[in-house]
Every structure is written in C-alpha cells, then in structure tokens.
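Read through the structure below, which is laid out as structure tokens, and then see the notes.
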Amino acid sequence: MHGISTKPLVLALMVTLLTGCATDKDTLLPHGDRTMQDLWHQHAGDGGSGQVATRRLLDARQSLRRPLTASDIPSAVDASSRYTRTAHNEIIRQFHRLPNPDLIMYVFPHLAGTDPVPVPGYSTVFPLYQRVQYAMPGERLEDY
C-alpha cells in the first residue's frame, strides 16, 4: 500500500500564504480623501458640538410622528393593558398563593416549668406551613 504524499498539500499551503503576504494595506483597505476630522464634523455637526446632528435627528423623528385618531385611542389602551406590567397583575395573576390550612391543636392539661405548675388544657391554631407558598405561573389557576 502506498502512503499519501503530503508534498502537494504543503506546496498549496505555502503558495496560499505567500499570496496573502504579497498584498499591501492600500489594496486591501482603500481609503478616500476624507480625514477622520472631516467624518467627525459631518456626523457630529459643526465644530463637534452636535447641535446640527441633533436637530436633524429631531426633524426626522417629527416627520415619523402622527396624531392618534379617535378610533385609535380605545384600541391602543386595550392593547397596552394586556401586556403592561403592574405590581397587582404580576403577583396576583401569575403567582397564586397555595392553600395553607389552619390546624387546631388541643394541648392536654399538664405540669410545666422547674417547679411543676399545673397548666389547664387549651386549644391553639397555627398554619400548616411556616411561610406562604406560591405556585409557579400557570401551575394553579383557581383563587383562594
């Protein structure tokens, strides 16, 4: 079995590298007759203050604006109320509270303390969970 010769591959690689080195920067990156200062003055306005460019920007924005008609106003309010975030719809509508039932415990009469003092029996109420638990969005839909 004959081995694969790498000489043609090396030769092609060397020719490619030498061709890349044969060009100069002016051929690869031609530049015009304007300097950086000319470009700055053109885009920032006269003297670099930016007032002319700002005025042009405001004029362009003003030409894009149009007044809302009477039929546009109700539809705009309805459309924005569906996706506008408020504190109320973020907490109430997305993260529903999970039920935390109250447990009633009866404590039998007993003696307490270092000097045994009798304590009469009593009932107490406490929540099942120590903290309020919330469902993930879409996990639970009914309110409590």
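No value in this document is a laboratory result; all are computed from the given coordinates. Keep in mind it's a predicted model, so treat the numbers as computed, not measured.
Can you compute 3J(HN,Hα) from phi for each residue in the stretch 22-29, using the Karplus curve 6.51 cos²θ - 1.76 cosθ + 1.60 with θ = phi - 60°, rounded to whole Hz and x for Gly and Pro?
Running phi through 6.51 cos²θ - 1.76 cosθ + 1.60 with θ = phi - 60° gives 7, 8, 10, 5, 5, 6, 6, 10 Hz.
What residues have an amide H closer than 5 Å to that of TYR134, excluding those fewer than 5 places away on the same chain, when H is modeled at 1.01 Å from N in the peptide plane?
Here the answer is LEU98, since their amide H atoms fall under 5 Å of that of TYR134.
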